[in-house]
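Peer 1: Dropping the structure in here first, questions after.
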Amino acid sequence: MKNPVNKPKWWDEFLAFAVKGNAMALAVGTIIGAAFSTITKSLTDDIIMPVVAIFMGGIDFSELKITLPRLFSEPVLDEAGNEILNTLNYGNFISAVINFLILALVVFFLVKGLNKLSEAGKKKEEAAAVPPAPPEPSNEEKLLTEIRDLLKTK
């Protein structure tokens, strides 16, 4: 009997993939990562860089740039008649590098913590999987074993 909806063959495979735990975990991780990236960008731009600027003499890193010359064209003007400068904004790059380092450090500690939790869980599983050693036989059991062995030899 044919499928009345006429969906393509790959659709069921796609649904099976999309609903699997790994694909859903990846999607959730991507969304949380994007939100966390916004938080670290704010941390860098609004908290860390102003403190760094205090030690750099009040320099705003977003203003750090090098104006590049125009070699083969006339100056370009905006609507107000001001020249639009060709700039190399290295201050923004420094902020982005600091933002990346913060994010990488947090991810490192997160993975390190998860690995410790995983190792602790594996150790518990291994301890539960190993059966306890049988208890040492008592003196009476040893004596009875010897008597049994002697009776067998006769």
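The values are calculated or read from the model by the stated rules, or taken from the named source; none is laboratory data. Model, not experiment: these values are computed from the prediction. Heads up, the Cβs are rebuilt from the backbone with ideal geometry, glycines too, and the neighbour counts pull from every protein chain shown. Surface accessibility is based on the protein's heavy atoms, side chains included, excluding ligands, DNA and RNA. Shrake-Rupley method; radii C 1.70, N 1.55, O 1.52, S 1.80 Å.
Peer 1: When the Kirkwood hydrodynamic radius is evaluated over all pairs of different C-alpha atoms of the stretch 58-110, what value in angstrom, to one decimal, is obtained?
Peer 2: Values: mean 1/r = 0.0727 Å⁻¹.
Hydrodynamic radius (Kirkwood, Cα pairs) of the stretch 58-110 is 13.8 Å.
Peer 1: Give, in nm to one decimal, the length gained when the segment between SER42 and GLU119 is fully stretched (0.36 nm per residue of separation minus the Cα-Cα distance). Write down the numbers at each step before the final one.
Peer 2: Numbers: separation 77, 0.36 × 77 = 27.72 nm, distance 3.41 nm.
Between SER42 and GLU119, full extension yields an extra 24.3 nm.
Peer 1: According to the square roots a ≥ b ≥ c of the eigenvalues of the Cα gyration tensor, what is the shape class of the stretch 18-68, taking rounded for a/c under 1.5, prolate for a/b larger than b/c otherwise, and oblate for the remainder?
Peer 2: Because a/c hits 1.5 or more and a/b exceeds b/c, the stretch 18-68 counts as prolate.
Peer 1: Follow-up question, since we're still on this one. At a 1.4 Å probe radius, which order do LEU110, LEU71 fall into by accessible area, largest first?
Peer 2: Details: LEU110 105, LEU71 135 Å².
I get LEU71, LEU110, largest accessible area first.
Peer 1: According to a simple spin-label model (label point 7 Å from Cα along Cα-to-Cβ), what is the distance in nm between ALA34 and GLU74?
Peer 2: 4.5
Peer 1: Of LEU43, LEU26, LEU105, which has the largest mean-square fluctuation in a 10 Å C-alpha GNM of the chain?
Peer 2: Highest fluctuation of the listed residues: LEU26.
Peer 1: With Kirkwood radius over Cα pairs in Å as the read-out, I listed [x] 16.5; [y] 17.6; [z] 24.3; which label goes with the value calculated from this structure?
Peer 2: Computing Kirkwood radius over Cα pairs in Å and matching it to [x] 16.5; [y] 17.6; [z] 24.3 gives [z].
Peer 1: Quick one: helix 90-129 against the long Cα principal axis of the chain, what's the angle to the nearest 10°, folded into 0 to 90?
Peer 2: That works out to roughly 10 degrees.
Peer 1: Still on this structure, please answer the following. Compare THR67, THR153 by solvent-accessible area with a 1.4 Å probe and give them largest first, with all protein chains kept in place.
Peer 2: Values: THR67 75, THR153 110 Å².
Heavy-atom accessible area, descending, gives THR153, THR67.
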